[in-house]
Structures are given as C-alpha cells and as structure tokens.
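The values are calculated or read from the model by the stated rules, or taken from the named source; none is laboratory data. Because the structure is predicted, anything quoted here is derived from the model rather than measured. Heads up, the Cβs are rebuilt from the backbone with ideal geometry, glycines too, and the neighbour counts pull from every protein chain shown. Quick note on the areas: whole protein, heavy atoms, side chains included, nothing else; ligands and nucleic acids left out. Shrake-Rupley method; radii C 1.70, N 1.55, O 1.52, S 1.80 Å.
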Amino acid sequence: MERRKVTFKLYPNATQAERLMGWIRLHCELYNAALEERIDAYRKAGKSISYYDQQNVLPEIKAARPEFVKLGSHALQQTLRKLDLAFQAFFRRVKAGQTPGFPRFKASKRFSGFGYPDPAGWKLVQNGKRGATIRLGSGKDAMSIRARGQHRFGDGAKPNDLTIARRNGEWFASVTLRVSEDSCARARTGDDHRGVDFGLNDWATFDNGEAIANPRFTRNEMPRMADLQRQQARKKRGSVRYTRLGKQAAKLHERIGNLRREFLHTATARLVASCAVIATEELKVNNMSRSAKGTQDKPGRRVKQKAGLNREILSAGLSMAHNMLAYKAVEAGTRLHVSNTRQLKPSQRCSRCWEIVPKRLAQRVHECPHCGLTMQRDQNSASVVLIDAHTPGTGVAARPKPLARQRAKSKPETRETPATASQDA
Ligand SMILES: [Zn+2]
C-alpha cells in the first residue's frame, strides 16, 4: 500500500462557509485554551502538561460546552496534537541551541483549519465526471460540500485522513488515500535514454539539444509580484491600501505556486512517460539565479530584489521537480540516475574526451581545447550525466524525498498528486 495526498478545492455555499468558519473558531479556541493551560501549569506549579493530559479532559469540555461535540472527538484530538507538535518542535530547537519562538496564541482569522486523523467523521464521495463531495459531521450538523476534480486512483483507494484548510478566503480539502501499487502505476509510451540539465535559462536542456523553456508565469507573473511588493512598501503599514495590496500579493503568490506545480507535474509526467532511463545531477542549491543586472547600457533596476525573487521561486521549483521526477519514475518503472555532482562535475567536463574544461557560469558554450568539441554548455552537461548513467557503479541513490511532517520512520510515504479537473477526465 502506498499513500497519496490529493487536494480538492471546496465550494461551500454561504451557510456551509459560515458553519465551517464557526468550526474553525471553536478549534482555535481549543488550541488557545490548551496553550494557556500549559503555560499556567508551568508558571504556577512548574509542571508540564502532556498531550495525553489534555486529551483526557476533552470529555469534560464537551459536557460543559456541547457545541464542541459536533466537531468530532478525533478532530478535537488532532487540534491538541497540533499544539503538541508545536511544543515538540520548540523544545527540539531549544535543545539544538537555537532560539525558536514560543508557541503562540492564534487569532481565529489566522487559524488555518482542522483535520480528521482517520476515516471517522467524514466521507469523500466521487461523483464521476461531476467532481466530488466531501461530507462532514453527522445528524443535523452534517454538511455535503461540493469539491472540484477527482483523483486518479479508482474505487480501490481508501481514504485515510482529511485536512480542511482556508487560504486567502478559499477552502481546500486534502485527503490522504491508501492506494495499491498497481493503481499508482503510470503507463510508459517510450524507452528513450535522456540526460537532462535543469537550469534557470531554460527549465531543462537535454543531451540531444532539445530544451523546455521556462513557463510563461516566470515572465508574466513574477514581475507583477515584485511590482505589488514595491507598491505595498510605499504605503503606510496597517492602512487600508497596505492591507489590500498585501491580499493581492498573497493571491498572486498562491497563483504562481499553482502555475508552477501544474507545470512541473505535467513536464515531469511527460518526461517519465517517454523514458526508460533519465539521468540528471544532484540539486545545486547555491549560485543559481538569473541575472537582473541587465547590461552596461541598460542596467536593471532593483537588482537585489529581483535576483532574490527569481532565485527563491525558480530554485523552489527545481527541488520540487527533482522530487516529482523521483516518485513518478518509480511509478512508471523508469530508472532515474542522479550523478554525484562533486565527483563528476558535469558542467566542467567534456562529454567527448572526458577532460575537465573549467568555465565560469556566464560562459554558455562548452569549447574543448583537448578534442575540439563545441557544444552548448547545458547540452554538454546533459550528455555527461547520460554517459555517467550508463557507467556501472556511479551515481547517488535517487530516492523520493520524504515529505515534511512525516517523521515517523515506520510510516509509508505520502505523495501529493493533483486532482484532475473533471472536464479533462
Ligand atoms: Zn573534449
């Protein structure tokens, strides 16, 4: 059994949205009360309260405040666990000699949502091409909320847990499914062997000289983002216009994230489907940014900020791409070879004679003084890693990175996969 996480956008009607907000307020109240209890107990008696101490008081709370009953006991426990995790993270960082912030009281406006740790108290219903429905609660408090899209794992997929979240005024349901290995298998349409170099000029360059350009959002949306932030910086903090611009920036941030994820899912899926072997190198974390400096005649403006934004967004995309490639390769039975960058030095090595040819980042062409090979820099790197992939005993393990927040070693990994829009299915 594998685990896959699918996120659906929810379309609650006005009554449902109102009620969901009410539930969030209650969860938030519980969170803050539990935090206060921990602080009080420590101040007054020097005692620390554990998660289990707090869980055992839940029945009393429900007796005194019946409005908590409809939230479901497991969902309430989940919120207490959320607080417990915050404390664990706090103490772990203290122990490590860092200076973390103490867990904070939260305003219900900023409380992101709540979750059900197991299949009790909710249900995911897939309605074929008409999308899905999430059912929450029971009795007269039950809600059937419309959701967009559907997952690709068929009827055999067993829902495991659910998180309801509110972001920028929109609602989302993340469902973890337990699925059989067969149902996550991907069809492969080709048996190519491809070396690929991921970069910032082109998103990907292949050993045969083909390339995939960076998607349009890097040209269109990112300058707009910088513009919004610039405008906001000129407004008075806390003013109506400042807040409005902040909201616009948050929406755009989310939009860029969505576009990037969609692009990466599509591109990596296509790549994996057509290849029996894909070779690439380990992720380069530093020194990667498209220059915003411009040229001497036409110098760029706000160079530092632009470089930072580019670097942040594009390099986030690269690690995401690596990770998607790793798990999709497993699903398609494609071999993903990851070269050891420091040993191999793909960008400095000649793909014909294997000599090291040092070059600076700005040098976009590989010209070998030893054998005379002239090739575009990224294409040469891609060719080098492909040769490395065909050499036995090379490379580092290409394992999908475990997801954050899943620290327990015994647990299987959970992969985020997109819900396909109903009209495409
Ligand atoms: Zn050479």
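For the chain, the longest principal axis of the C-alpha atoms and the axis of helix 217-234 are separated by about 60°. Amide H contacts of Glu355: Cys350, each under 5 Å away and 5 or more positions distant or on a separate chain (H built 1.01 Å from N in the peptide plane; Pro and chain starts excluded).
The calculated FRET efficiency for the pair Arg342 and Lys140, based on their C-beta separation and a Förster distance of 56 Å, comes to about 0.30. Seen against the Cα atoms of the chain and their longest principal axis, helix 73-95 is set at about 60 degrees. Helix 377-389 axis versus longest C-alpha principal axis of the chain: approximately 80°, rounded to the nearest ten. Each Lys and Arg Cβ is given +1 and each Asp and Glu Cβ -1; about its Cα centre, the chain then shows a dipole of about 2000 debye.
For the chain, what does -39500 (n - 2.57) per DSSP helix run (n ≥ 4), summed and divided by total residues, give at 222 nm, in deg cm²/dmol to the nearest 500? Taken over the chain, the calculation gives -14000 deg cm²/dmol.
Magnitude of the charge dipole for region 1-120, about its Cα centre and with charges confined to Cβ atoms of Lys, Arg (+1) and Asp, Glu (-1), is about 480 debye. Checking every one of the chymotrypsin sites (Phe, Trp or Tyr not before Pro) in region 65-168 against DSSP loop status and a limit of 13 other Cβ atoms within 10 Å picks out Phe105. Each of Gln78, Gly97, Pro159 was placed along the dipole of the chain (beta-carbon charges, centred on the mean Cα), and the one lying farthest toward the positive end is Gly97. Taking the chain as a whole, the Cys residues whose C-beta sits 4.7 Å or farther from every other Cys C-beta are Cys28, Cys184, Cys275. Given a Förster radius of 60 Å and the C-beta distance between Cys371 and Lys251 as r, what FRET efficiency does 1/(1 + (r/R0)^6) yield to the nearest 0.05? The calculated FRET efficiency here is 0.70.
Since only Phe172, Gln376, Val196 are under comparison, the one whose Cα sits farthest along the positive direction of the charge dipole of the chain, derived from C-beta charges on Lys, Arg, Asp and Glu, is Phe172. When +1 charges are put on Lys and Arg Cβ atoms and -1 charges on Asp and Glu Cβ atoms, the dipole computed for region 31-84 relative to its Cα centre reaches about 60 debye. Loop-located trypsin sites (Lys or Arg not before Pro) across region 199-284 with a Cβ neighbour count of 14 or fewer within 10 Å are Arg216, Lys236, Arg237, Lys284, with loop assigned by DSSP. Think of region 201-284 as a dipole: +1 on every Lys or Arg Cβ, -1 on every Asp or Glu Cβ, centred on the Cα centre; then among Met222, Gly257, Leu245, Leu245 lies furthest on the positive end. Between Asn13 and Ser48, what FRET efficiency comes out of the Förster formula 1/(1 + (r/R0)^6) with R0 = 41 Å and r the beta carbon distance, rounded to 0.05? So the FRET efficiency works out to roughly 0.40.
Residue by residue, region 29-42 carries 3J(HN,Hα) couplings of 4, 4, 4, 5, 5, 5, 5, 4, 4, 4, 5, 4, 4, 6 Hz when phi is fed to the Karplus relation 6.51 cos²θ - 1.76 cosθ + 1.60 (θ = phi - 60°); x denotes Gly or Pro. What accessible area per residue, rounded to a whole number of Å², is obtained for the chain using a probe radius of 1.4 Å? So the chain comes to 57 Å² accessible per residue, rounded to a whole number. Under 12 Å from a label point set 7 Å out along the Cα-to-Cβ vector of Arg25, the amide N atoms of region 86-113 belong to 108-109.
Put simply, when 324-331, 58-65 are sorted by average Cβ atoms within 10 angstrom per residue, most first, you get 324-331, 58-65.
Residue separation of Asp202 and Glu181 scaled by 0.36 nm, minus their Cα-Cα distance, works out to 4.2 nm of gained length. Reported to the nearest whole Å, the Cα centre-to-centre distance from region 130-170 to region 6-40 is 16.
With both labels modelled 7 Å from their Cα along Cα-to-Cβ, the Ala120 to Glu36 distance reads 2.8 nm. Beta bridges from DSSP with both residues in the chain: antiparallel share about 75 percent, rounded to the nearest 5. The calculated P(r) of the chain, using every Cα pair and 20 Å bins from 0, goes 20, 48, 28, 3, 0 in percent.
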